[in-house]
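K.L.:
One structure follows; several queries about it will come next.
Nothing in this text is a laboratory measurement; each read-out follows from the coordinates by a stated rule. Since the structure is predicted, the reported quantities are computational estimates derived from the model, not experimental observations. Cβ placement follows ideal geometry from the backbone for every residue including glycine, while neighbour counts extend to all protein chains displayed.
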Amino acid sequence: MANTQKFLDKLEDFIIRNRIIRRDDKILVGFSGGADSTALTLGLWYLRSKLNFTLLAAHVNYQLRGNDSEADREFVKQFCFDRNISLVIKDIKLEPGANLENRAREIRFTYFNELSRQYLVDKILLGHNRMDQTETFLFHLIRGAGYTGLKGIAPVTGNIAHPLIEFSRAEIENFLKKKNISWREDLSNRETKFSRNKIRHELIPWIESNLNNRVVDKITE
């Protein structure tokens, strides 16, 4: 119980410190069913009364992974049903091919912005963690970003916020395990044909082994 309360206290502190949620806000959370978005949705569900906001979850089913995509969809539906969380789902047939990650991201953000207008949402919350922060920084560095463009994920950009960017994956998974909550694993996240996955699964481990074993801490401090 102490570990789960520590997670919730840290999440609440981050939200308050960065002025992410105000009283009576309508919050949209992107919910893929993965560990990050599941922990964020669950954490927000616990904090909703204390911080006095309403919560809407949104799931995009790209139908890229056959039965696994449908299982993700059903997991999200059941999770929200069990907790009486309002949920909207967009089913879209996204064809594999070039720029898959960018196309999926564009569809996702377009949908979330449409929902924001439709439901008068105040903030869109997304589940990115410290590793995503490190990966984004290195991605920009490798692509030759200048000094002003060399940055990771901001806590808040406009109406979009990332409340988990100070959390490690271990903290997130530990919170879910202590709450006896499962999550969905997208095996495509391990495919190193995608640049970000290559950075996460090959470059960062190499840096940790050969140059600086605290590279994630140093970049995200």
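K.L.:
Just how large is the dipole of the range 12-128 about the Cα centre, in debye to the nearest 20, putting +1 at every Lys and Arg Cβ and -1 at every Asp and Glu Cβ?
P.N.:
So the dipole magnitude of the range 12-128 works out to roughly 420 debye.
K.L.:
Mind listing the phi-derived Karplus ³J(HN,Hα) values for the range 57-67, rounded to whole Hz, using 6.51, -1.76 and 1.60 with θ = phi - 60°, and x for any glycine or proline?
P.N.:
9, 10, 10, 10, 9, 7, 6, 8, 10, x, 5
K.L.:
Still on this structure, I have one more. Can you order the peptides 4-12, 103-111, 25-33 by their average number of other Cβ atoms within 10 Å per residue, highest first?
P.N.:
Ranked by mean Cβ neighbours within 10 Å, highest first: 25-33, 4-12, 103-111.
K.L.:
Checking the a/c ratio against 1.5 first, then a/b against b/c, what shape does the Cα gyration tensor give for the range 5-48?
P.N.:
oblate
K.L.:
Separate question: When the Cα centres of the range 98-118 and the range 51-78 are compared, how far apart do they sit, in Å?
P.N.:
Here the answer is 15 Å between Cα centres.
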